[in-house]
Amino acid sequence: MNLSKNQARQQARALWPSWLPTEAPRQALQILETLLAALQPRRIAAFYPMNDEYDPWPALPANAQILAPRAVSGLLEFRVVRWPGEAALPALRDQSGAPGASDAATLLPQGAPIDIALLPALAAAADGARLGRGAGYYDRSQHLLGEALRLALLPAALCRLPFAGEEHDLQLDLAICENGACCYTAAGRLALADRAARVE
């Protein structure tokens, strides 16, 4: 039986606090780090974690340009918060209290390609529909991601949560969990095959 999105959020929020203190997030981060090293992206859209989220930054390659979102008038814009080989700019909290890119960060030019989008998510449906916190910022701004490979780092138990995604929901290509990668799309399968070829 499918959960409603609100029920799915409740279930996901109940699981995250017990998952975060375990070794599982570190195992997932190691898998993510290995994947990113094999894919060699030049530009990654990431995010600054909130207190109840994992921190993806240790897995981000030093030689990639890193973008972070900033909420502006109900939409997101992406700004360069770390250039290859440099330290990241600190986060700035917006009116909602969520951390994002600061005023000092350079706005990504319109149409500039993003190779990988590492997205915050509470869970994913069996088809890869991303379950966010409900504010809709990423769903309304997904056109900015272009052809980026869309990843989320999730507890294994939340990679295929039985809820029905909606047409406007962001579609994940892969979820990275403590057990490996959960693949949802042809782009995700291609990325895993490319990674395997480069590792071999």
Residue count, segment 136-168 (criterion: more than 21 Å from Ala59 (Cα to Cα) and either open to solvent by 60 Å² or more (accessible area, probe 1.4 Å) or not small (Gly, Ala, Ser) (or both)): 16
Entirely in segment 63-168, the strands (runs of 3 or more DSSP E) that have 1 or more residues that are more than 25 Å from Trp16 (Cβ to Cβ) and touching a helix residue (DSSP H, G or I) at 6+ places or on another chain (Cβ under 9 Å): 75-82
Segment 147-200: number of residues that are under 19 Å from Tyr54 (Cα atoms), among the small types (Gly, Ala, Ser) and in contact (Cβ under 8 Å) with a residue 60 or more places away in the chain: 4
Verdict on Ala37 being surrounded by fewer than 18 Cβ atoms within 10 Å (Cβ to Cβ), part of a strand (DSSP E or B) and of a type outside the set (Val, Ile, Thr): no
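The values are calculated or read from the model by the stated rules, or taken from the named source; none is laboratory data. Being a predicted model, the structure only gives us computed values, none of them experimental. Using ideal geometry, Cβ is built from the backbone for each residue, glycine included, and neighbour counts are taken over all protein chains shown. Areas reflect the complete protein model, heavy atoms only, side chains present, ligands, DNA and RNA absent. Shrake-Rupley method; radii C 1.70, N 1.55, O 1.52, S 1.80 Å.
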